[in-house]
Amino acid sequence: MLERELAETLLARARAAAERAYAPYSNFPVGAAILTEDGTIFEGANIENASYPVTMCAERTAAGAAVFAGKREFRAVAVSAPRAPGATPCGACRQLLNEFKPARGELIVILDGPAGPEQMPFSALLPHAFGPRDLE
């Protein structure tokens, strides 16, 4: 797990990102902050669309920014949904995050708990995951 101070920083960044969400249809803002292997933090928020299937989740928006910047390994992801504290990434986001989890060790998921950051291993959210190493 991460040091508490780092987890709090990531969660604060996810909360701030949620404030910048574009969620006019669901009124359900979500923010995410991804910590990459080199310590860089990338933020994202959900971006809805009138054609609902093309809506982007916060986690995928943050992951896209990280990947575009050349990052290929994520150490942690924090998620904040002000209307549903403790919300976890959806199934599509879990699969995308699985693509960039560390080759060694665990991707840490940080949720917005009632007493602050709640950390859990990603494998608890997506056990027996299929990913890039399965194709080798």
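So here's what we get for this one:
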| quantity | calculated |
| --- | --- |
| Share, in percent, of DSSP beta bridges within the chain that are antiparallel, nearest 5 | 80 percent |
| Restricting the range 47-84 to trypsin sites (Lys or Arg not before Pro) in coil, as DSSP defines it, with at most 15 other Cβ within 10 Å | 72, 83 |
| Hypothetical label at residue 68: residues of the range 23-59 whose amide nitrogen lies under 12 Å (7 Å Cα-Cβ projection) | 43-45 |
| Prolate/oblate/rounded label for the range 10-136 (Cα gyration tensor, a/c 1.5) | prolate |
| Counting DSSP beta bridges with both ends in the range 69-136, the antiparallel % (nearest 5) | 60 percent |
| Separation of alpha-carbon centers, the range 110-124 and the range 30-68, rounded to whole Å | 18 Å |
| Selection of chymotrypsin sites (Phe, Trp or Tyr not before Pro), the range 73-136, meeting DSSP coil and at most 10 other Cβ within 10 Å | 130 |
| Axial C-alpha extent at least 20 Å, average Kyte-Doolittle at least 0.0 - helices from the chain (DSSP) | 4-18 |
| Simple Cβ-charge dipole of the chain, Lys/Arg +1 and Asp/Glu -1, about Cα centre, in debye nearest 20 | 160 debye |
| Helical contribution to [θ] at 222 nm, DSSP H n ≥ 4, -39,500 (n - 2.57), averaged over the chain, rounded to 500 | -8500 deg cm²/dmol |
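None of the figures in this text is laboratory data; all of them are computed from the coordinates on show. Just so it is clear, the structure is predicted and the values come from calculations on it, not from any experiment. In this analysis, Cβ positions are derived from the backbone assuming ideal geometry, glycine residues included, and neighbour counts consider all displayed protein chains.
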